[in-house]
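The structure appears right after this line, and notes come after that.
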Amino acid sequence: MTVAVQTQTLSSCARAATAQEARYRIDRPIAPSRAGRVVALDEGAADVLSRTAQHDWANARFYVCEAGAGAAGDVVLRGIDGGPATLADELASASVVVMVATNDSGVGGAYALGKACWERGIQTAGLVLGDGTHAGTAAAAAVAALRPHARVLLPSADEADVVDLLSALRV
Amino acid sequence: MLRQDINELLTRTGPGTAMGELFRQYWMPACLAEELPEDGCPPIRLKLLSERLVAFRDSYGNYGLIDEFCAHRGASLWFGRNEDGGLRCPYHGWKYDTTGQCVEVPSEADNSSFAENVKLTSYPLVKIGDVLWTYMGDPATQPPLPEFEFALTPPEHHYTSKRWQQSNWLQAFEGGIDSSHVTFLHSGGLRSDPLFKGAKGNQYNLNDTKPFFEVADSDGGLFVGARRNAEEGSYYWRITPWVMPSFTMVPPRGDHPIHGHFWIPIDDENCWAYSFDYHPMRPLTEAERQAMVDGHGVHSKNIPGTYRPEANMDNDYLMNREKQRTGEWYSGVEGIAIQDSSLQESMGPIVDRTKERLVPADSGIIKARQKLYRAATALRDKGVTPPGVDPAHHHVRSAAVVLPQKEAFLAAARDDVRVRPGFPISSV
């Protein structure tokens, strides 16, 4: 007696989408892909970044933008630990710049940073701490200052958003 | 990237899980009303949040959603006889009403009270619009019924479909707040789909492939704004609302109907994608409704008699490399819905988010995950009611608007993104 055995041939997509096949995905360590530069544009943001910098980061550096209100290229950075830093040097190896603000006092810095990043093809993101979605608030002013210069803007962020964004970006 | 423990928390929705308990705080679609078309019709099997259930409409028109299995010997009530106000197990004749209460055990004496002590787990099932909604949480905290605009418009104004997606709910949902893929994956549809084409906004989309994004909190979830260059001094904004846990709307195009989705976990490796279209100001035209039935727009063409798309993983989604080459279908797969599902299913049943390399343009997804995590843990640890439970949070619309460059999108468009009965959708 012969028994007919019917074998079902799965399509390429059906076979590839199984949990079993997921075991064969290449599993090599992922190198940090982003050299992140995280810049506080005002004092309130600097307080937040001083705490954020305490986390373990693969390739992130934290700064305060101290001056530069006005002219492009007039921005002065210092490390969050107080050390000196030069914008051009810091951007030379950067692949993403995250600007953090609580009000619009850093508008000049945002302009200078945004322009420098645009010229170098560096991705930008902005986080405004507080509720920047309602007009008349300091946070809303910060949103207006950052909008032209940040490819991605979170206008109602909190401190955890800074950590979560940087973690997700693997900086 | 996302930590593995957080990925686990967000993707597991069975009983007793943190995310499962979060889903159980909400009214959510259980099935389409068309699946139970008349009083006394055959029952249907359902699996929701990893619980196997049977839905039925008794001979008096009451809807029931109860444990699939008879309390006696565990036979499936899908085989049940829907008769005289209840569902009778054909094995030994035990009969249940729509609340899961056993009302008859034929082997017991006529005056026996045995049946009174037998009750299957049951959940409420309520028809609103084209959808039968259920609430699978604690009855003591059952919220008021949902108030999503699409379901509350007159029947001739809306259309709802569903399709089975063979992936975890989260990777399907994340596509709904990921505006940046539209310019690529769905670019062909912007030119040719009868439910999209012809809108002025499409040209803004196609002319500017590098949008800027803003992601802002809302009472019920998020608003994700994607901004592109428009005429001198202005921006074209496409605003996508998300109401927790899994309701999203697609920004409108011209006077086409407005549409959106719910993603509902079946189990951890499958979900239902509910897709709706509606027009708050007018009935859908015959041509629009037929296009939806035919699987255009956000809908899918399903295998007749099922909710499985005709193009699915078993036939490689009917991949057409020639259409891919010409760009008519950017990925080579036809239709907005299947373009999404094909890629989301290709990630595997539950995508390993520890391997991701996200970019700033993914901030909407990053923020949504954070909000889901916060809500699920706040509920688990402190009993905090999550956003999106309050029906007031459902009163949102998507919008497509042109604003002066200096305007903050939410401040300027606050009225555009809320339901205003009698007012048209804001669309370009």
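List of remarks:
- Those residues of region A:124-171 which are surrounded by fewer than 23 Cβ atoms within 10 Å (Cβ to Cβ), assigned to a helix (DSSP H, G or I) and of a type in the set (D, E, K, R), in sequence order: A:GLU159, A:ASP161, A:ASP164
Conditions tested, residue by residue: (1) touching a strand residue (DSSP E or B) at 6+ places or on another chain (Cβ under 8 Å); (2) of a type in the set (Lys, Arg); (3) within 23 Å of B:LEU358 (Cα to Cα); (4) open to solvent by 50 Å² or more (accessible area, probe 1.4 Å).
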position: A:ARG61; (1), (2), (3), (4): yes, yes, yes, yes
position: A:CYS65; (1), (2), (3), (4): yes, no, no, no
position: A:GLY79; (1), (2), (3), (4): yes, no, no, no
position: A:GLU90; (1), (2), (3), (4): yes, no, yes, no
position: A:VAL100; (1), (2), (3), (4): yes, no, yes, no
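- Boolean, B:PRO241 is under 15 Å from the mean Cα position of the chain (by Cα), crowded, with 20+ Cβ neighbours inside 10 Å and within 14 Å of chain A (Cβ to nearest Cβ): yes
- If you go through region B:42-70 and keep only what is surrounded by fewer than 18 Cβ atoms within 10 Å (Cβ to Cβ), assigned to a loop (DSSP other than H, G, I, E, B) and out of contact with any helix residue (DSSP H, G or I) (no Cβ under 9 Å at 6 or more places or on another chain), you end up with B:SER59, B:TYR60, B:GLY61, B:ASN62.
- B:ALA30 being open to solvent by less than 40 Å² (accessible area, probe 1.4 Å) and closer than 30 Å to B:ALA172 by Cα: yes
Listed here are the residues, each with its yes/no results for (1) out of contact with any helix residue (DSSP H, G or I) (no Cβ under 8 Å at 6 or more places or on another chain); (2) away from chain A (no Cβ under 14 Å).
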position: B:ARG369; (1), (2): no, no
position: B:THR377; (1), (2): no, no
position: B:PRO387; (1), (2): no, no
position: B:ALA392; (1), (2): yes, yes
position: B:ARG397; (1), (2): no, yes
position: B:LEU410; (1), (2): yes, no
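- Restricting region B:388-428 to residues that are closer than 29 Å to B:GLU232 by Cβ and β-branched (Val, Ile, Thr), the residue that is surrounded by the fewest Cβ atoms within 10 Å (Cβ to Cβ): B:VAL402
- Selection count where residues are part of a helix (DSSP H, G or I) and open to solvent by 70 Å² or more (accessible area, probe 1.4 Å), scope region B:105-122: 3
- For the residues A:ASP56, A:ASP74, the requirement of being open to solvent by 50 Å² or more (accessible area, probe 1.4 Å), among the acidic types (Asp, Glu), at pLDDT 90 or above and out of contact with any Leu (no Cβ under 6 Å at 6 or more places or on another chain) singles out A:ASP56.
- Of all residues in region B:368-387, those being out of contact with any Ser or Thr (no Cβ under 9 Å at 6 or more places or on another chain) and under 23 Å from B:PHE150 (Cα atoms) number 2.
- Residue match in region A:81-95 (condition: within 14 Å of chain B (Cβ to nearest Cβ) and not basic (Lys, Arg)): yes
- Filtered by the rule that a residue be touching a Gly at 6+ places or on another chain (Cβ under 8 Å) and either in contact (Cβ under 8 Å) with a residue 40 or more places away in the chain or open to solvent by less than 20 Å² (accessible area, probe 1.4 Å) (or both), region B:89-104 gives B:CYS89, B:LYS95, B:TYR96, B:THR98, B:GLY100.
- Residue that is out of contact with any strand residue (DSSP E or B) (no Cβ under 8 Å at 6 or more places or on another chain), of a type outside the set (Lys, Arg) and either open to solvent by 10 Å² or more (accessible area, probe 1.4 Å) or closer than 20 Å to B:HIS181 by Cβ (or both), where the choices are B:ASP267, B:ASP255: B:ASP255
- Restricting region A:117-171 to residues that are hydroxyl-bearing (Ser, Thr, Tyr) and more than 13 Å from the chain's Cα centre (by Cα), the residue that is farthest from the other protein chains (Cβ to nearest Cβ): A:THR137
- Filter result for B:GLY348 (over 18 Å from the mean Cα position of the chain (by Cα), at positive phi and more than 14 Å from chain A (Cβ to nearest Cβ)): no
- Verdict on B:ASP39 being at pLDDT 95 or above and open to solvent by 70 Å² or more (accessible area, probe 1.4 Å): yes
- Of all residues in region B:330-350, none are within 30 Å of A:GLN123 (Cα to Cα), assigned to a loop (DSSP other than H, G, I, E, B), open to solvent by 30 Å² or more (accessible area, probe 1.4 Å) and of a type in the set (Asp, Glu).
- Residue in region B:408-416 that is modelled with pLDDT of 95 or more, touching a strand residue (DSSP E or B) at 6+ places or on another chain (Cβ under 6 Å) and under 30 Å from A:GLY126 (Cα atoms) present: yes
- The listed residues are B:GLN142, B:GLN165, and the only one of them that is among the polar types (S, T, N, Q) and open to solvent by 20 Å² or more (accessible area, probe 1.4 Å) turns out to be B:GLN142.
- Helices (runs of 4 or more DSSP H) enclosed by region A:35-123 - at least 1 residues per element that are under 22 Å from B:LYS210 (Cα atoms): A:87-92, A:107-120
- Where a residue in region B:402-428 is among the hydroxyl-bearing types (Ser, Thr, Tyr) and its partner, wherever it lies, is outside any loop (DSSP other than H, G, I, E, B) and crowded, with 18+ Cβ neighbours inside 10 Å, with Cβ under 6 Å and at least six apart: B:SER426/B:ALA399; B:SER426/B:VAL401; B:SER427/B:ALA400
- Filter result (at the interface with chain A (Cβ under 8 Å from one of its Cβ atoms) and either open to solvent by less than 40 Å² (accessible area, probe 1.4 Å) or part of a helix (DSSP H, G or I) (or both)) within region B:357-366: B:LEU358, B:PRO360, B:ALA361, B:ASP362, B:SER363, B:ILE366
- One residue from B:ASP267, B:ASP316 being at positive phi and within 14 Å of chain A (Cβ to nearest Cβ): B:ASP316
- A:GLY82 being more than 18 Å from the chain's Cα centre (by Cα) and at positive phi: yes
The values are calculated or read from the model by the stated rules, or taken from the named source; none is laboratory data. Note that this is a predicted model, so its numbers are computed, not measured. Virtual Cβ from ideal backbone geometry, glycine too; neighbours counted across all protein chains shown. For the accessible areas, the whole protein counts, side chains as well, though only heavy atoms, and no ligand, DNA or RNA atoms are used. Shrake-Rupley method; radii C 1.70, N 1.55, O 1.52, S 1.80 Å.
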